Amino acid sequence: MTEPFDLQRFAQMIGESPERIPASAQALLSEYALHYEIITGSERENCFLDALHKMQADLRVSGKHRQGDWEQGWSENLERFIESEGDPTALTPRYLQSHQIDRCQGNYIRSDIPYFQVKFYDVFRRFVFESYLSESRSVYEFGCGTGYNLTILAQLFPDKNLIGLDWAQASVRLINEIAKTHNYRLSGQAFDMFAPNPDLVCDQETAVITFNSMEQLGTNFKTFVDYLRQQKPQICVHAEPLLELYDESQLFDYLGASYHRYRGYLEGFVPYMQSLAEAGEIEIIKLQRIPFGNQFHEGYSLLVWKPIA
(Lines give C-alpha, C1' and ligand atoms only; values in the text may rest on other atoms or scores of the structure.)
Protein backbone atom coordinates (compact mmCIF):
# COMPACT_ATOMS: atom_id res chain seq x y z
CA MET A 1 0.00 0.00 0.00
CA THR A 2 1.39 3.41 -0.99
CA GLU A 3 1.56 6.44 1.28
CA PRO A 4 1.17 9.96 -0.14
CA PHE A 5 4.03 12.35 0.50
CA ASP A 6 1.77 15.39 0.51
CA LEU A 7 1.85 18.90 1.96
CA GLN A 8 0.62 17.76 5.38
CA ARG A 9 3.35 15.14 5.68
CA PHE A 10 6.08 17.45 4.41
CA ALA A 11 5.07 20.21 6.83
CA GLN A 12 4.99 17.74 9.72
CA MET A 13 8.47 16.48 8.88
CA ILE A 14 10.04 19.92 8.84
CA GLY A 15 8.23 21.16 11.94
CA GLU A 16 6.10 23.80 10.25
CA SER A 17 2.40 24.39 9.62
CA PRO A 18 1.28 23.82 6.00
CA GLU A 19 0.50 27.51 5.46
CA ARG A 20 4.15 28.38 6.19
CA ILE A 21 5.40 26.33 3.26
CA PRO A 22 6.30 28.72 0.40
CA ALA A 23 4.12 28.59 -2.70
CA SER A 24 6.99 27.43 -4.93
CA ALA A 25 7.63 24.43 -2.65
CA GLN A 26 3.93 23.61 -2.53
CA ALA A 27 3.66 23.79 -6.31
CA LEU A 28 6.64 21.49 -6.80
CA LEU A 29 5.29 19.02 -4.26
CA SER A 30 1.99 18.96 -6.14
CA GLU A 31 3.74 18.54 -9.49
CA TYR A 32 5.87 15.63 -8.30
CA ALA A 33 2.90 13.81 -6.69
CA LEU A 34 5.31 11.89 -4.46
CA HIS A 35 4.32 8.60 -2.88
CA TYR A 36 6.10 5.66 -1.33
CA GLU A 37 5.65 2.21 0.17
CA ILE A 38 6.68 1.36 3.73
CA ILE A 39 8.91 -1.71 3.89
CA THR A 40 7.69 -4.24 6.46
CA GLY A 41 8.26 -7.77 7.73
CA SER A 42 11.31 -9.76 6.77
CA GLU A 43 12.34 -7.16 4.22
CA ARG A 44 12.54 -4.54 6.97
CA GLU A 45 14.71 -6.93 8.97
CA ASN A 46 16.97 -7.23 5.93
CA CYS A 47 17.33 -3.45 5.88
CA PHE A 48 18.62 -3.60 9.46
CA LEU A 49 21.05 -6.34 8.43
CA ASP A 50 22.22 -4.29 5.44
CA ALA A 51 23.06 -1.42 7.78
CA LEU A 52 25.06 -3.72 10.05
CA HIS A 53 26.92 -5.25 7.11
CA LYS A 54 27.61 -1.79 5.72
CA MET A 55 29.39 -0.87 8.93
CA GLN A 56 31.63 -3.91 8.55
CA ALA A 57 32.68 -2.88 5.05
CA ASP A 58 35.68 -0.76 4.08
CA LEU A 59 33.81 2.55 3.84
CA ARG A 60 35.47 5.90 3.36
CA VAL A 61 35.65 7.96 6.56
CA SER A 62 35.24 11.73 6.30
CA GLY A 63 38.13 14.09 6.88
CA LYS A 64 40.94 16.12 5.31
CA HIS A 65 42.34 13.05 3.56
CA ARG A 66 39.29 12.85 1.28
CA GLN A 67 39.93 16.01 -0.73
CA GLY A 68 41.14 13.94 -3.68
CA ASP A 69 37.94 11.88 -3.69
CA TRP A 70 35.81 15.01 -4.00
CA GLU A 71 38.14 16.39 -6.66
CA GLN A 72 37.53 13.28 -8.72
CA GLY A 73 33.78 13.22 -8.10
CA TRP A 74 33.17 16.85 -9.02
CA SER A 75 35.42 16.47 -12.09
CA GLU A 76 33.01 13.82 -13.34
CA ASN A 77 30.08 16.20 -12.89
CA LEU A 78 32.01 18.95 -14.66
CA GLU A 79 32.59 16.69 -17.66
CA ARG A 80 28.92 15.67 -17.73
CA PHE A 81 27.77 19.29 -17.51
CA ILE A 82 29.99 20.37 -20.41
CA GLU A 83 29.04 17.37 -22.54
CA SER A 84 25.33 18.01 -21.90
CA GLU A 85 25.73 21.65 -22.92
CA GLY A 86 24.58 22.93 -19.55
CA ASP A 87 21.86 20.46 -18.55
CA PRO A 88 21.15 21.08 -14.81
CA THR A 89 20.45 17.36 -14.24
CA ALA A 90 24.16 16.76 -14.89
CA LEU A 91 24.83 18.49 -11.56
CA THR A 92 23.13 15.78 -9.47
CA PRO A 93 25.88 14.04 -7.45
CA ARG A 94 26.39 10.49 -8.63
CA TYR A 95 25.97 9.02 -5.14
CA LEU A 96 22.24 9.83 -5.43
CA GLN A 97 20.67 6.86 -7.19
CA SER A 98 17.53 6.68 -9.32
CA HIS A 99 15.96 3.91 -7.22
CA GLN A 100 17.06 3.18 -3.70
CA ILE A 101 15.74 2.43 -0.25
CA ASP A 102 15.31 5.55 1.87
CA ARG A 103 14.33 6.24 5.47
CA CYS A 104 11.34 8.37 6.42
CA GLN A 105 9.83 9.02 9.84
CA GLY A 106 11.14 5.86 11.42
CA ASN A 107 10.47 3.58 8.44
CA TYR A 108 12.42 2.18 5.54
CA ILE A 109 10.64 3.12 2.33
CA ARG A 110 10.79 2.62 -1.42
CA SER A 111 9.12 4.43 -4.29
CA ASP A 112 8.56 3.71 -7.97
CA ILE A 113 9.23 7.41 -8.63
CA PRO A 114 12.79 7.81 -9.98
CA TYR A 115 15.07 9.90 -7.79
CA PHE A 116 12.52 10.11 -4.97
CA GLN A 117 15.13 11.47 -2.55
CA VAL A 118 16.27 14.11 -5.05
CA LYS A 119 12.68 15.25 -5.54
CA PHE A 120 12.17 15.50 -1.77
CA TYR A 121 15.38 17.52 -1.68
CA ASP A 122 14.08 19.84 -4.42
CA VAL A 123 11.01 20.68 -2.33
CA PHE A 124 13.03 20.94 0.89
CA ARG A 125 15.55 23.34 -0.64
CA ARG A 126 12.84 25.68 -1.85
CA PHE A 127 11.36 25.74 1.63
CA VAL A 128 14.74 26.55 3.18
CA PHE A 129 15.81 29.10 0.58
CA GLU A 130 12.58 31.09 0.54
CA SER A 131 12.09 30.87 4.31
CA TYR A 132 15.56 32.02 5.36
CA LEU A 133 17.43 33.65 2.47
CA SER A 134 14.95 36.03 0.87
CA GLU A 135 16.17 39.12 2.76
CA SER A 136 19.89 38.60 2.12
CA ARG A 137 21.72 40.49 -0.61
CA SER A 138 24.32 37.73 -1.08
CA VAL A 139 24.48 33.99 -0.40
CA TYR A 140 27.71 32.12 0.24
CA GLU A 141 27.54 28.34 0.04
CA PHE A 142 30.49 26.65 1.73
CA GLY A 143 31.21 23.17 0.37
CA CYS A 144 29.09 23.84 -2.71
CA GLY A 145 30.15 20.71 -4.65
CA THR A 146 28.42 20.54 -8.02
CA GLY A 147 26.55 23.80 -7.55
CA TYR A 148 23.12 22.27 -7.80
CA ASN A 149 21.94 24.24 -4.76
CA LEU A 150 23.29 27.47 -6.25
CA THR A 151 21.53 26.78 -9.54
CA ILE A 152 18.16 26.72 -7.77
CA LEU A 153 19.08 29.86 -5.83
CA ALA A 154 19.98 31.63 -9.07
CA GLN A 155 16.57 30.76 -10.48
CA LEU A 156 14.67 31.80 -7.35
CA PHE A 157 16.68 34.97 -6.68
CA PRO A 158 18.25 36.23 -9.94
CA ASP A 159 19.28 39.54 -8.33
CA LYS A 160 21.31 38.03 -5.48
CA ASN A 161 25.08 37.71 -5.56
CA LEU A 162 25.89 34.01 -5.22
CA ILE A 163 29.30 32.66 -4.22
CA GLY A 164 30.14 28.95 -4.32
CA LEU A 165 33.08 27.90 -2.16
CA ASP A 166 34.76 24.51 -2.13
CA TRP A 167 38.17 23.00 -1.48
CA ALA A 168 38.05 21.06 -4.77
CA GLN A 169 39.29 23.00 -7.81
CA ALA A 170 36.93 20.95 -10.00
CA SER A 171 34.02 22.41 -8.05
CA VAL A 172 35.29 25.96 -8.52
CA ARG A 173 35.64 25.38 -12.27
CA LEU A 174 32.17 23.84 -12.42
CA ILE A 175 30.55 26.79 -10.59
CA ASN A 176 32.14 29.25 -12.99
CA GLU A 177 31.09 27.11 -15.96
CA ILE A 178 27.48 27.15 -14.69
CA ALA A 179 27.62 30.94 -14.33
CA LYS A 180 28.98 31.40 -17.85
CA THR A 181 26.57 28.93 -19.46
CA HIS A 182 23.41 30.28 -17.84
CA ASN A 183 24.45 33.90 -17.24
CA TYR A 184 23.90 33.67 -13.48
CA ARG A 185 25.21 36.16 -10.90
CA LEU A 186 27.40 33.40 -9.56
CA SER A 187 31.09 32.78 -9.05
CA GLY A 188 33.26 30.05 -7.58
CA GLN A 189 36.18 30.40 -5.19
CA ALA A 190 38.50 27.99 -3.41
CA PHE A 191 37.92 27.64 0.34
CA ASP A 192 38.98 25.04 2.90
CA MET A 193 36.61 24.74 5.88
CA PHE A 194 39.37 22.98 7.83
CA ALA A 195 41.53 26.11 7.46
CA PRO A 196 39.26 29.11 6.73
CA ASN A 197 40.76 32.05 4.88
CA PRO A 198 40.08 35.17 7.00
CA ASP A 199 40.49 37.34 3.90
CA LEU A 200 37.17 36.05 2.58
CA VAL A 201 34.81 38.56 4.16
CA CYS A 202 31.07 38.23 4.63
CA ASP A 203 28.92 41.16 5.69
CA GLN A 204 25.65 41.72 7.53
CA GLU A 205 23.67 41.35 4.30
CA THR A 206 25.15 37.94 3.54
CA ALA A 207 23.54 34.57 4.20
CA VAL A 208 25.73 31.50 4.71
CA ILE A 209 24.56 28.00 3.84
CA THR A 210 26.04 24.52 4.13
CA PHE A 211 24.24 21.47 2.76
CA ASN A 212 25.83 18.10 3.55
CA SER A 213 29.28 19.65 3.59
CA MET A 214 30.04 20.30 7.26
CA GLU A 215 29.46 16.59 7.76
CA GLN A 216 32.99 16.10 6.42
CA LEU A 217 34.44 18.12 9.31
CA GLY A 218 33.65 15.44 11.88
CA THR A 219 34.66 16.85 15.26
CA ASN A 220 36.84 19.54 13.65
CA PHE A 221 34.12 22.13 13.11
CA LYS A 222 34.96 24.79 15.69
CA THR A 223 37.50 26.64 13.54
CA PHE A 224 34.92 27.09 10.81
CA VAL A 225 32.16 28.10 13.24
CA ASP A 226 34.47 30.62 14.89
CA TYR A 227 35.32 32.03 11.45
CA LEU A 228 31.59 32.52 10.77
CA ARG A 229 31.05 34.17 14.16
CA GLN A 230 33.86 36.62 13.44
CA GLN A 231 32.41 37.42 10.01
CA LYS A 232 28.93 38.14 11.48
CA PRO A 233 26.77 37.26 8.46
CA GLN A 234 23.05 37.99 8.55
CA ILE A 235 22.07 34.35 8.95
CA CYS A 236 23.64 30.87 8.79
CA VAL A 237 21.68 27.85 7.59
CA HIS A 238 23.04 24.32 7.96
CA ALA A 239 21.25 21.28 6.53
CA GLU A 240 23.45 18.48 7.78
CA PRO A 241 23.44 15.08 9.50
CA LEU A 242 23.04 16.09 13.16
CA LEU A 243 24.03 13.18 15.36
CA GLU A 244 22.58 14.46 18.62
CA LEU A 245 19.01 14.58 17.27
CA TYR A 246 18.70 10.79 17.03
CA ASP A 247 16.84 8.91 19.77
CA GLU A 248 19.32 6.11 20.31
CA SER A 249 16.95 4.21 22.58
CA GLN A 250 15.20 3.17 19.34
CA LEU A 251 16.87 0.52 17.13
CA PHE A 252 16.12 2.42 13.92
CA ASP A 253 17.80 5.56 15.26
CA TYR A 254 20.58 3.64 16.96
CA LEU A 255 21.65 2.17 13.62
CA GLY A 256 21.48 5.60 11.97
CA ALA A 257 23.65 7.12 14.69
CA SER A 258 26.08 4.19 14.55
CA TYR A 259 26.49 4.59 10.79
CA HIS A 260 26.99 8.35 11.31
CA ARG A 261 29.81 7.70 13.76
CA TYR A 262 31.30 4.97 11.56
CA ARG A 263 31.60 7.45 8.69
CA GLY A 264 33.12 10.11 10.96
CA TYR A 265 30.41 12.67 10.23
CA LEU A 266 29.71 15.87 12.17
CA GLU A 267 29.75 15.26 15.92
CA GLY A 268 29.39 17.71 18.79
CA PHE A 269 28.12 20.55 16.59
CA VAL A 270 24.63 20.76 18.11
CA PRO A 271 25.74 20.96 21.78
CA TYR A 272 28.49 23.42 20.84
CA MET A 273 26.01 25.75 19.16
CA GLN A 274 23.60 25.36 22.08
CA SER A 275 26.37 26.36 24.48
CA LEU A 276 27.07 29.49 22.40
CA ALA A 277 23.37 30.34 22.48
CA GLU A 278 23.24 29.86 26.27
CA ALA A 279 26.23 32.19 26.57
CA GLY A 280 24.39 34.85 24.56
CA GLU A 281 26.86 34.77 21.66
CA ILE A 282 24.47 33.49 18.98
CA GLU A 283 20.73 33.08 18.51
CA ILE A 284 19.43 29.70 17.34
CA ILE A 285 16.46 30.38 15.06
CA LYS A 286 15.57 26.79 14.26
CA LEU A 287 16.88 23.41 15.32
CA GLN A 288 14.85 20.69 13.66
CA ARG A 289 15.40 17.03 13.04
CA ILE A 290 14.34 16.15 9.50
CA PRO A 291 13.52 12.42 9.70
CA PHE A 292 14.48 11.62 6.12
CA GLY A 293 17.56 10.30 4.37
CA ASN A 294 19.08 7.36 2.59
CA GLN A 295 18.87 3.83 3.93
CA PHE A 296 21.67 4.37 6.42
CA HIS A 297 21.29 7.79 8.02
CA GLU A 298 19.47 11.14 7.98
CA GLY A 299 21.21 13.92 6.10
CA TYR A 300 19.01 17.02 6.09
CA SER A 301 18.41 18.16 9.66
CA LEU A 302 18.36 21.94 10.14
CA LEU A 303 20.27 24.28 12.41
CA VAL A 304 19.65 27.94 11.62
CA TRP A 305 21.38 30.66 13.64
CA LYS A 306 22.72 34.17 13.59
CA PRO A 307 25.53 35.86 15.50
CA ILE A 308 24.70 38.37 18.19
CA ALA A 309 26.67 41.57 17.73
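Just a few scattered comments:
- Some residue of the range 87-95 being assigned to a helix (DSSP H, G or I), modelled with pLDDT of 85 or more, surrounded by fewer than 16 Cβ atoms within 10 Å (Cβ to Cβ) and of a type in the set (S, T, N, Q): yes
- For the range 280-305, a residue qualifies if it is touching a residue at least 40 places away in the same chain (Cβ under 8 Å) and either of a type in the set (Asp, Glu) or part of a loop (DSSP other than H, G, I, E, B) (or both), and the qualifying residues are Glu281, Arg289, Ile290, Pro291, Gln295, Phe296, His297, Glu298, Gly299, Tyr300.
- Search result, residues across the range 1-17 that are within 23 Å of Leu245 (Cα to Cα), open to solvent by less than 60 Å² (accessible area, probe 1.4 Å) and not in a loop (DSSP other than H, G, I, E, B): Arg9, Phe10, Ala11, Met13, Ile14
- Condition met for Phe211 (within 30 Å of Pro88 (Cβ to Cβ), in contact with a Gly (Cβ under 8 Å, 6 or more places away or on another chain) and among the aromatic types (Phe, Trp, Tyr)): yes
- Of the residues in the range 102-112, not one is assigned to a helix (DSSP H, G or I) and under 20 Å from the mean Cα position of the chain (by Cα).
- Unmet criterion (only one of (1) touching a helix residue (DSSP H, G or I) at 6+ places or on another chain (Cβ under 7 Å); (2) of a type outside the set (A, V, I, L, M, F, W, C); (3) part of a strand (DSSP E or B); (4) touching a residue at least 40 places away in the same chain (Cβ under 8 Å)) for Thr210: (1)
- Among the residues of the range 158-190, the ones that are over 20 Å from Leu133 (Cα atoms), part of a loop (DSSP other than H, G, I, E, B) and among the charged types (D, E, K, R) come to 0 in all.
- Count of the range 29-79 residues which are open to solvent by 80 Å² or more (accessible area, probe 1.4 Å) and basic (Lys, Arg): 2
- For the range 119-143, the candidate set comprises residues that are assigned to a loop (DSSP other than H, G, I, E, B) and open to solvent by less than 10 Å² (accessible area, probe 1.4 Å); within that set, the residue that is nearest to Ser301 (Cα to Cα) is Leu133.
- Being more than 26 Å from His260 (Cβ to Cβ) and either open to solvent by 10 Å² or more (accessible area, probe 1.4 Å) or without any contact (Cβ under 8 Å) to a residue 60 or more places away in the chain (or both) holds for only one residue in Leu165, Leu186, Leu174, and it is Leu186.
- Residue count, the range 144-157 (criterion: β-branched (Val, Ile, Thr), in contact (Cβ under 8 Å) with a residue 60 or more places away in the chain and part of a helix (DSSP H, G or I)): 1
This table checks each residue for (1) open to solvent by 10 Å² or more (accessible area, probe 1.4 Å); (2) on the phi > 0 side of the Ramachandran plot; (3) of a type outside the set (Ser, Thr, Tyr).
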position	(1), (2), (3)
Thr219	yes, no, no
Leu228	no, no, yes
Pro241	no, no, yes
Gly256	no, no, yes
Tyr262	yes, no, no
Leu266	no, no, yes
Tyr272	yes, no, no
Glu278	yes, no, yes
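The values are calculated or read from the model by the stated rules, or taken from the named source; none is laboratory data. What you see is a predicted model; the values in this text were computed from it and never measured. Here Cβ is always computed from backbone atoms with ideal geometry, including for glycine, and neighbour counts include all displayed protein chains. Surface accessibility is based on the protein's heavy atoms, side chains included, excluding ligands, DNA and RNA. Shrake-Rupley method; radii C 1.70, N 1.55, O 1.52, S 1.80 Å.
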